[in-house]
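Chemist: The structure under discussion is supplied below as C-alpha cells; questions concerning it will follow.
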Amino acid sequence: MPVAQGRRRPRGETRRRILRLAAKWLQQRGYHGFSFGQIADALEIQSGAVHYHFPSKPDLVTAVFAGYRVEFAWWREQMDSSRYGPLEQVGRFLDLEARNIEGERVCPLGVAGVEYASLPAQACAEAEGLRDDLAEWLTGLLETGRLEGTLEFPGDASDQARAIMAAAQGALQLVRLHGRDDFAAVRRAILAGLTPRGV
C-alpha cells in the first residue's frame, strides 16, 4: 500500500527499496528485463521518484553492482573474523551463492558475463571490481589452506580460485534447467577436490 498521507519513509528508504528490487530483477531478468516504470509500479511510487535517486538506468545498475561489492566486503569481514578454516570458508562461500536459488537468481558475475557488451561502462567497471575482490579473497584463502595443509589442489591458487568461481556460476545456471540438486553436486565436487587425501 502507498504510504499514508502525512507519514514519511525513513531518509534513504526509498533509495534502498529501489536498489533491492533492481538487484533482484537484474539477477532474475538481466539488464534489459526491467524498466524504471516497472520498478515504480512494483514499489507503488511515482516514476519521478526513481529518477530522483537514479537519473538514468546506467546510474541505477552501476549502483547495484557497487552494492554487491559492499555486501561481499562485509561478508568477507565476517569470514576473516570467524573461526572457520579455509575449507569451511569455501563451503560458506558456496552456500552464499546458493542463496540465489530461492529467488531464481543467477550470480551477479554471471549476469555481467552474459550481458557485458550491453552493460554501461561504469557498471562493467564495478562488475570487474567484484570479480577481482572475489578472486583475491579466494586466492588468499586457498594459499593459506595449502600452507596449513588443510587444502590440497593442483596448480596455482589463483587458477583454482577462478575455477571455483566459474563452477559456482555455472551451477546456478544448471539449477534453472534441472533443479537445485545440480548445485549440491557441484558443491560436493568442489569441496572434495580441495580436501587433502586421507582426510
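The values are calculated or read from the model by the stated rules, or taken from the named source; none is laboratory data. The structure presented is a predicted model; accordingly, all values stated were derived computationally and were not measured. Cβ coordinates were reconstructed from backbone atoms using ideal geometry, including for glycine residues, and neighbour counts include every protein chain displayed.
Chemist: Looking at (1) in contact (Cβ under 8 Å) with a residue 40 or more places away in the chain; (2) within 30 Å of E13 (Cβ to Cβ), which one does Q78 not meet, given that it meets all the others?
Modeler: Every condition holds for Q78 apart from (1).
Chemist: Right, another one. Which of the residues that make up segment 144-187 are farther than 24 Å from A112 by Cα and assigned to a helix (DSSP H, G or I)?
Modeler: Residues satisfying the conditions are T144, G145, R146, L147, E148, D181, A185.
Chemist: May I ask you to verify whether G85 is within 15 Å of the chain's Cα centre (by Cα) and in contact (Cβ under 8 Å) with a residue 40 or more places away in the chain?
Modeler: no
Chemist: Looking only at segment 57-111, filter to residues that are under 15 Å from L26 (Cβ atoms) and among the small types (G, A, S); which one of those is surrounded by the most Cβ atoms within 10 Å (Cβ to Cβ)?
Modeler: The qualifying residue surrounded by the most Cβ atoms within 10 Å (Cβ to Cβ) is G110.
Chemist: So, in segment 152-168, of the ones that are within 18 Å of the chain's Cα centre (by Cα) and crowded, with 21+ Cβ neighbours inside 10 Å, which residue ends up nearest to R99 (Cα to Cα)?
Modeler: Looking at residues that are within 18 Å of the chain's Cα centre (by Cα) and crowded, with 21+ Cβ neighbours inside 10 Å, I get A168.
Chemist: I've got another one for you. If you take the residues in segment 146-175 that are of a type in the set (D, E, K, R) and free of Cβ contacts under 8 Å to residues at least 60 places away in the same chain, which one is nearest to T195 (Cα to Cα)?
Modeler: Looking at residues that are of a type in the set (D, E, K, R) and free of Cβ contacts under 8 Å to residues at least 60 places away in the same chain, I get E152.
Chemist: Next question, about the same structure. Exactly one condition in (1) surrounded by fewer than 17 Cβ atoms within 10 Å (Cβ to Cβ); (2) under 19 Å from the mean Cα position of the chain (by Cα); (3) modelled with pLDDT of 95 or more is not met by W137; state its number.
Modeler: (1)
Chemist: Follow-up. Residue check: is G149 over 16 Å from Y68 (Cα atoms) and either touching a strand residue (DSSP E or B) at 6+ places or on another chain (Cβ under 8 Å) or surrounded by fewer than 16 Cβ atoms within 10 Å (Cβ to Cβ) (or both)? Give the derivation first.
Modeler: On the way: over 16 Å from Y68 (Cα atoms): yes; either touching a strand residue (DSSP E or B) at 6+ places or on another chain (Cβ under 8 Å) or surrounded by fewer than 16 Cβ atoms within 10 Å (Cβ to Cβ) (or both): yes.
Answer is yes for this residue.
Chemist: Looking only at helices (runs of 4 or more DSSP H) that lie completely in segment 8-122, which have at least 1 residues being touching a Phe, Trp or Tyr at 6+ places or on another chain (Cβ under 7 Å), small (G, A, S) and at pLDDT 95 or above?
Modeler: Answer list for segment 8-122: 57-80.
Chemist: Within segment 41-96, can you find the residues that are more than 30 Å from A161 (Cβ to Cβ) and among the hydroxyl-bearing types (S, T, Y)?
Modeler: Result: S47, Y52, S56.
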